[in-house]
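Step one of this worksheet: look at the structure below.
Derivation of every value follows stated rules applied to the coordinates shown; laboratory data play no part. Since the structure is predicted, the reported quantities are computational estimates derived from the model, not experimental observations. Every residue, glycine among them, receives a Cβ derived from its backbone with ideal geometry; neighbour counts consider all protein chains shown.
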Amino acid sequence: MTEPPENGREGRAHATMTVSEARIWFVAEVLPLESVLMQYIQRNWRNQSEIADIRQEVYVRVYEAAQREIPEHAKPFVLTTARNILINRVRREHVVPIEAVADLESLGAAADEPSPDRAVMAREELRRLQMALDHLPPRSREAVVMKQIEGLSRRDIAARMGVGEETVKRHLTNGMRALADFLYGEPTDLRKKP
Amino acid sequence: MSAAEHILPDASAAEQRAAEWLERRACDDWSETSAAELEAWLAQSPAHAVAFMRLEAAWNRTTRLAALQKPMRRASAKGEQSSRVPVLKIAAAVVVTAAVSVGGSLLALHQENQTFATTIGGREALSLVDGSKIELNTDTVLRMAEGSSQRKVWLDKGEAYFDIKHDAAHPFVVMVGNHRVTDLGTKFIVRQEGDRVEVKLLEGSARLDANDGAPSQTAVLTPGDVAIATANATSVTKRPVKELANDLGWRRGVLMFDHTTLAEAVAEFNRYSRQKIVIADPQIAKLEIGGTFPSDDVKLFGRATHIALGLHVEERGSTIVISQ
């Protein structure tokens, strides 16, 4: 009768998620539209400090709707939601000229390109993941690589980096946020960050 | 200050909290309690849910880097961890005798003389008048003895969870193929596949011995023990009770995986669905996945493997094919 090793979790690529229809749809259909959504919001909203809140508001509305019923077409749904939210904000704040939110249709039409074949997509995904890692601040990148690729525990990462576990925690959470911003927020055709 | 800002928490704060949850799940000992806490936080506000899903999805995508940079994937976690200790080599029958005491009365089953069957994907809970409970998992057939003084059921196929009230005078007997499981008051799972019988003990203690008329070899099962009996050998493996509890997700309609290989997860799902999943590339069979999935939605699981592991998922007629 032997106990399994304590470090049983280490060293393995592993993905964990809790699954529901709405969550899967959101991750598979909505998140990939983030760069388009961000471009749309940025183009139509002056106050850059509010962009993140607007994006979140769009996501919340879209996700709430999906929990009731999955919209048939994600892209027009997301962009229409964004437009409505911007219009409401304009009405409330009387700041931004309302014609600023009019270019929705041109934006929506551009995005339904035929999908490239799988091998290309797989290569593209890897390249993009690598790029996302490269864009992380050095200490965050170090921690993320040790966690996600080498599968080390937080304690081991702390020991290797010569810092405390709280610091590792901070590097990892910063890394997670930056990864999401890059993987979803950056337009796919932008090769370099400004 | 817009109205929306009064309704929704600050986006950046929600995202920071979401990152902290995700970091905790990736790094800490993650228990069912932690998972419940996370679910409660997610349920508090859709803003929490979307922030978490977004970070989780990006984070999961990076596991792909690891999978591809390390082609030497480890063998199945479970296969590795469980050092099998063969305790018995028995020709045929097996008896499990548990030792927990609750004073009890003679059992008269609710439904006497009956067969209970579940279809693929089905589930059924039975309450016995003595307070015992039996829950049948997918594709299971269980028969009950009619009102004799003996408490006896036959698990003809499938899997069932038993939560049995002890009655020293009337031991509870589960017949499984050629094997015989006798329980005296504990919680356990019995699963039959072909001639393989698996008994997992969750609470109490149990005795396992040969039942060829003259029991000769005995092992005491304690919580966490998993006994596997085939036609010619029996072994006992120790697993954390928490892990065994994960195997009971089906009682509430979910399958719970933790560092489970894709091959194992698919085999589990295929028990619950007529539409079967096929893994086309052997290389991906050992990729690992974790999480909580509705057991009745095999397509959703397929899409989850696409999102979490970047695999290609395609529906071909009555099968779902997963490939690199």
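In terms of other Cβ atoms within 10 Å, A:HIS73, B:HIS259, B:HIS48, B:HIS179 run from fewest to most in the order A:HIS73, B:HIS259, B:HIS48, B:HIS179. Pairs from the list B:LYS187/B:LYS238; B:LYS133/B:LYS165; A:LYS75/B:LYS299 with a Cα-Cα gap above 20 Å: A:LYS75/B:LYS299. The loop-placed trypsin sites (Lys or Arg not before Pro) in the range B:227-324, going by DSSP, that have at most 14 neighbouring Cβ atoms within 10 Å of their Cβ come out as B:ARG274.
Label-to-label distance for A:GLU21 and B:ASN232 is 5.0 nm, based on points extended 7 Å past Cα in the beta-carbon direction.
Restrict the search to the range A:21-80; then list the GluC sites (Glu not before Pro) that DSSP places in a loop and that have at most 12 other Cβ atoms within 10 Å of their Cβ. Before the final figure, lay out the partial values.
Values: sites: A:GLU21, A:GLU29, A:GLU34, A:GLU50, A:GLU57, A:GLU64, A:GLU69, A:GLU72; in loops: A:GLU69, A:GLU72.
Those that pass, being in a loop and sparsely packed, are A:GLU69, A:GLU72.
Amide H contacts of B:ASP281: B:GLN324, each under 5 Å away and 5 or more positions distant or on a separate chain (H built 1.01 Å from N in the peptide plane; Pro and chain starts excluded). Here the ratio of the Cα radius of gyration of the range B:221-324 to 2.2 N^0.38 Å is 1.18. Can you list the residues of the range B:296-324 with backbone N under 15 Å from a point 7 Å past the Cα of B:GLN275, pointing along Cα to Cβ? Under cut-off, by backbone N: B:296-306, B:313-322. Highest average first, the peptides B:32-39, A:155-162 ordered by how many other beta carbon atoms sit within 10 Å of their residues are A:155-162, B:32-39. Model label points for B:GLU314 and A:ARG155, set 7 angstrom from Cα along the Cα-to-Cβ axis, are 4.7 nm apart. Taking amide H as placed 1.01 Å from N in the peptide plane, B:HIS166 has its amide H under 5 Å from the amide H of B:VAL102, each at least 5 places away in sequence or on another chain.
With a simple spin-label model that places each label point 7 Å from the Cα along the Cα-to-Cβ direction, the separation between B:ALA263 and B:TRP154 comes to 3.5 nm. Phi angles of the range B:40-56 translate, via the Karplus equation with coefficients 6.51, -1.76, 1.60 and θ = phi - 60°, into HN-Hα couplings of 5, 5, 4, 6, 4, 7, x, 5, 5, 4, 5, 5, 5, 4, 5, 5, 4 Hz per residue; Gly and Pro are given as x.
A simple rule links phi to the HN-Hα coupling: the Karplus curve 6.51 cos²θ - 1.76 cosθ + 1.60 with θ = phi - 60°, which for the range A:20-33 gives 9, 3, 5, 5, 4, 4, 4, 5, 7, 10, 8, 4, x, 8 Hz, with x for Gly and Pro. Farthest toward the positive end of the dipole of the range A:31-77, out of A:SER49, A:PRO32, A:TYR63, is the Cα of A:SER49, where the dipole comes from beta carbon charges about the Cα centre.
Our coupling estimate for the range B:127-133, obtained by passing each phi through the Karplus curve with A = 6.51, B = -1.76, C = 1.60 and θ = phi - 60°, is 10, 9, 5, 7, x, 6, 10 Hz, Gly and Pro reported as x.
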